[in-house]
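Presented below is the structure to which this report refers.
The values are calculated or read from the model by the stated rules, or taken from the named source; none is laboratory data. A quick note: this is a predicted structure, and the numbers were derived from the prediction, not measured. All Cβ positions, glycine included, derive from the backbone under ideal geometry; neighbour counts span all protein chains shown. The area values use the complete protein model at the heavy-atom level, side chains included, leaving out ligands, DNA and RNA. Shrake-Rupley method; radii C 1.70, N 1.55, O 1.52, S 1.80 Å.
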Amino acid sequence: MRALITGGAGFIGSHLADRLVAQGATVWALDDLSTGTRANVAHLDRTPRFRLVEGSVLDPALVDNLVAQCDVVYHLAAAVGVRRILAEPRRSIEVNLHGTEHVLAAAARHGRPVLVASTSEVYGKNAGGPLREDDDAIVGSTRTTRWLYAITKAADECLALAYARETGLPVVVVRLFNTIGPRQTGAYGMVVPRLVDQALRGAPLTVYGDGQQTRCFTYVDDALAAMQALMATPAARGDVFNVGQPREVTIERLATLIRELAGSDSPIAYIPYEQAYGAGFEDMRRRVPDISKLQRLTGFVPRVPLEEALRRIIEHAKSVHGQRPAP
Ligand code: UDP
């Protein structure tokens, strides 16, 4: 089997590449290296069954050519991270909308099964109980830049479902809830790699707002196991699934845990949102997945608890820190 992973040199994409290669597949990773890196897949360089194609999902001819030669497509390429969305809104919209259009059109032309990675962000400000796939998306004004991520990914979902209905394209949409793991970078805002890096440097841990907002963090291997299980389940086609683990943690507790596990004595610094993201930023107070639909279809059970996930991330970050030349 040959798999195409768009965004294959990114954090999640590179872990998926490892997993598929280990399972015996051939993997082609398409990445423009905007947020993905060669270093994420450097260890696969000597594997003849892995190939990194440096290019963009915005190139329809390239996408078509690659999709035609592969048996299955994992579409993970997207503009990710709150900071990046705020810094490059136009590029983010183009990548998220046109990139997905090109991938779905090529998959439909060549009849290839495709997984489209979406995000829990599509629920927007819906901070109710555990979120089910059919719950309302409540996004704020288009004048608040943050929401363009939710809006564009929701449009991607609509397009994927329209392809399924109108052309019978075997497509599965997954909404990922705060996936974490080694190789995730804090450069685009993600809280876990940022706090881990700060803890290891002895710098203050930046907790935004009052730190009582919650998230459910999912270890990357668990997220990938769920994604693969869905791709192997015909009944999942043409549908949308939450992928995550439902244990909720406040960001303040997360910071304390990271500090403990890293053996760090960094203080916690509470930073107002305006200072972190500029005026008018809106955060989500709570975001918990209901994963009963995923579990019913695939029997999925998350295996890696938050503490263990953080331990692995800290170990990996320490090894990377160790490799950095002294300042
Ligand atoms: N956050 C924080 N400190 C940081 C980065 C993020 O307290 O250095 C908060 C952020 O405001 C949010 C939560 O951590 O409430 C998760 O942020 P992230 O950007 O990782 O994910 P998302 O907001 O998309 O769930």
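Picking from residues in the stretch 105-127 that are among the aliphatic types (A, V, I, L, M) and more than 13 Å from the ligand (Cβ to nearest atom), the one that is farthest from GLU166 (Cα to Cα) is ALA117.
Hey, any hits in the stretch 135-144 for a residue that's in contact with a His (Cβ under 7 Å, 6 or more places away or on another chain), open to solvent by less than 40 Å² (accessible area, probe 1.4 Å) and at negative phi? The answer is no, given that none of the residues of the stretch 135-144 is in contact with a His (Cβ under 7 Å, 6 or more places away or on another chain), open to solvent by less than 40 Å² (accessible area, probe 1.4 Å) and at negative phi. Of the numbered criteria (1) assigned to a loop (DSSP other than H, G, I, E, B); (2) touching a strand residue (DSSP E or B) at 6+ places or on another chain (Cβ under 7 Å); (3) within 12 Å of the ligand (Cβ to nearest atom), the one ARG285 fails is (2).
Does VAL67 meet the test of being out of contact with any Asp or Glu (no Cβ under 8 Å at 6 or more places or on another chain), at pLDDT below 95 and outside any strand (DSSP E or B)? Taking the combined requirement at face value, the residue does not satisfy it.
Please find, within the stretch 185-203, the residue that is nearest to ILE85 (Cα to Cα) out of those that are open to solvent by 30 Å² or more (accessible area, probe 1.4 Å) and more than 10 Å from the ligand (Cβ to nearest atom). Working first, answer last.
Residues of the stretch 185-203 that are open to solvent by 30 Å² or more (accessible area, probe 1.4 Å), as a first pass: 185, 187-188, 190-191, 194, 197, 200-202.
Of the ones still in play, those that are also more than 10 Å from the ligand (Cβ to nearest atom) are 185, 187, 200-202.
On the way: THR185: 15, ALA187: 12, LEU200: 27, ARG201: 27, GLY202: 28 Å.
The selected residue is ALA187.
In the set (1) of a type in the set (Gly, Ala, Ser); (2) part of a helix (DSSP H, G or I); (3) open to solvent by less than 10 Å² (accessible area, probe 1.4 Å), ALA108 fails one condition alone, (3).
When you check TYR219 against the structure, is it more than 11 Å from the ligand (Cβ to nearest atom), over 21 Å from GLY81 (Cβ atoms) and touching a strand residue (DSSP E or B) at 6+ places or on another chain (Cβ under 9 Å), yes or no? Quick ask: steps written out before the conclusion?
Details: more than 11 Å from the ligand (Cβ to nearest atom): yes; over 21 Å from GLY81 (Cβ atoms): no; touching a strand residue (DSSP E or B) at 6+ places or on another chain (Cβ under 9 Å): yes.
So TYR219 fails the test.
Considering ILE313, ILE258, ILE268, the condition of being open to solvent by 20 Å² or more (accessible area, probe 1.4 Å), touching a residue at least 60 places away in the same chain (Cβ under 8 Å), under 20 Å from GLY202 (Cβ atoms) and within 14 Å of the ligand (Cβ to nearest atom) is satisfied by ILE268 alone. In the stretch 178-197, the residues that are in contact (Cβ under 8 Å) with a residue 24 or more places away in the chain and farther than 18 Å from LYS318 by Cβ reach residues that are near the ligand (Cβ under 10 Å from one of its atoms) and among the basic types (Lys, Arg) with C-beta atoms within less than 8 angstrom, at least six apart or across chains, in these pairs: ASN178/ARG215; ASN178/ARG287; ALA187/ARG83; TYR188/ARG83; GLY189/ARG83; VAL191/ARG215.
Only one of GLN228, GLN245 is assigned to a helix (DSSP H, G or I), more than 12 Å from the ligand (Cβ to nearest atom), among the polar types (S, T, N, Q) and surrounded by 14 or more Cβ atoms within 10 Å (Cβ to Cβ); which?
On the way: GLN245 fails: assigned to a helix (DSSP H, G or I).
Selected residue: GLN228, the only one of GLN228, GLN245 that is assigned to a helix (DSSP H, G or I), more than 12 Å from the ligand (Cβ to nearest atom), among the polar types (S, T, N, Q) and surrounded by 14 or more Cβ atoms within 10 Å (Cβ to Cβ).
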